[in-house]
Amino acid sequence: GNSVTQMEGPVTLSEEAFLTINCTYTATGYPSLFWYVQYPGEGLQLLLKATKADDKGSNKGFEATYRKETTSFHLEKGSVQVSDSAVYFCALSRPGGSNYKLTFGKGTLLTVNP
Amino acid sequence: DVKVTQSSRYLVKRTGEKVFLECVQDMDHENMFWYRQDPGLGLRLIYFSYDVKMKEKGDIPEGYSVSREKKERFSLILESASTNQTSMYLCASSLWQGGYEQYFGPGTRLTVT
């Protein structure tokens with residue numbers, strides 16, 4: 001079946017450090033891939049997406065590239081800020097059929113210290 | 001901007017009560033979803049709906065039901081609340097086509113005592 005595995009946290013970084021959160025997936029067909037962010041006490045917000053192999057999604061300084069050969073979609077940011085502290089979720093769509101459900105990873109808590 | 005609203009941010013109910021959680025979206029999305037989020041378990045899909053009056057079970061439907069009488073509104077019902085239903089409940093919506101990204105509401109933190 002479809003599944004998403006992302007690195008377990010928590011991840012603690014200093015401000016301006018480089019961030020990588022690993023995400024790998026298992027899926028049939030050609031899923032779309034997403035990163036969502038959840039700030040404390042809030043719902044999930046779509047951070048970026050990629051819908052086909054080699055696509056790069058980017059937003060707010062974050063980037064992720066859809067790598068079909070390694071079934072990965074790692075999230076990166078060159079210089080994190082305190083305001084990036086949140087939980088990050090990797091997700092994939094389940095194409096086909098009449099329902100377009102998402103499969104989520106368990107989430108990675110990121111804390112950025114000043 | 002897509003807006004998904006949920007009727008309450010915090011809710012406290014007693015065991016055995018019937019609980020209604022309401023979700024409204026303003027972007028004419030066909031699909032709507034209810035998840036619960038628990039520490040260590042991530043997001044788990046309870047029910048989803050791909051059209052008015054249409055619904056399908058998700059991964060953990062036991063103890064829940066749903067109602068979708070209008071396209072913009074999707075309700076989650078706990079027929080008889082139990083303490084193991086204490087959780088954060090998240091509603092989401094998406095278009096029928098496209099990249100299938102889902103847009104989430106702010107969540108309702110439900111405590112059952």
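The values are calculated or read from the model by the stated rules, or taken from the named source; none is laboratory data. As the structure is a computational prediction, the values presented were derived from the model and not from experiment. Glycine gets a Cβ as well: all are built from the backbone with ideal geometry, and neighbour counts include every protein chain shown. Accessible surface areas use protein heavy atoms only, side chains included; no ligands, DNA or RNA. Shrake-Rupley method; radii C 1.70, N 1.55, O 1.52, S 1.80 Å.
Taking one equal scatterer on every alpha-carbon of chain A, how large is log10 of I(q)/I(0) by Debye at q = 0.11, 0.22 1/Å?
Computed log10 I(q)/I(0) values: -0.33, -1.22.
Explain nothing, just the number: dipole magnitude of region A:3-82 about its Cα centre with +1 on each Lys and Arg Cβ and -1 on each Asp and Glu Cβ, in debye rounded to the nearest 20.
280 debye
How are the C-alpha pair distances of region B:1-95 spread across 5 Å bins, as whole percents from the shortest bin up?
3, 14, 26, 26, 19, 9, 3, 0
List the aspartates and glutamates whose Cα sits under 15 Å from the Cα of B:Lys18, skipping any in the same chain fewer than 8 residues away.
Straight-distance partners of B:Lys18: B:Glu62, B:Glu79.
Find the Rg to Rh ratio for the protein assembly as shown, where Rh is the Kirkwood radius over alpha-carbon pairs and Rg uses the same atoms.
Looking at the protein assembly as shown, the ratio lands at 0.97.
Antiparallel as a % of all DSSP beta bridges within the protein assembly as shown, to the nearest 5?
90 percent
Ignoring ligands and nucleic acids, what accessible area does B:Arg68 show with a 1.4 Å probe (Å², nearest 10)?
Accessible area, nearest 10 Å²: 10 Å².
Determine the distance separating the Cα centre of region B:1-31 from the Cα centre of region A:56-114; give it in Å without decimals.
Centre-to-centre (Cα) distance: 26 Å.
If I compute solvent accessible area with a 1.4 Å probe over the protein chains, what percent of it on chain A is carbon and sulfur?
Carbon and sulfur: 48 percent of the exposed surface of chain A.
Expressed in nm², what is the orientationally averaged projection area of the convex hull enclosing the Cα positions of region B:63-113?
4.4 nm²
On a straight-distance basis, which lysines could pair with A:Lys77 in a cross-link, Cα separation under 16 angstrom, same-chain partners fewer than 8 positions away excluded?
Result set, ordered by chain and number: A:Lys49, A:Lys56, A:Lys60.
Can you give the relative contact order of region A:12-114 as a percent, counting alpha carbon pairs under 8 Å and 6+ residues apart?
34 percent.
So what does B:Lys13 come to for accessible area, using a 1.4 Å probe and Å² rounded to 10?
Roll a 1.4 Å probe over it and B:Lys13 shows about 60 Å².
Using heavy-atom solvent-accessible surface (probe 1.4 Å) with all chains present, what is the largest-first order of B:Met27, B:Met32, A:Met7?
The ordering from most to least exposed comes out as B:Met27, A:Met7, B:Met32.
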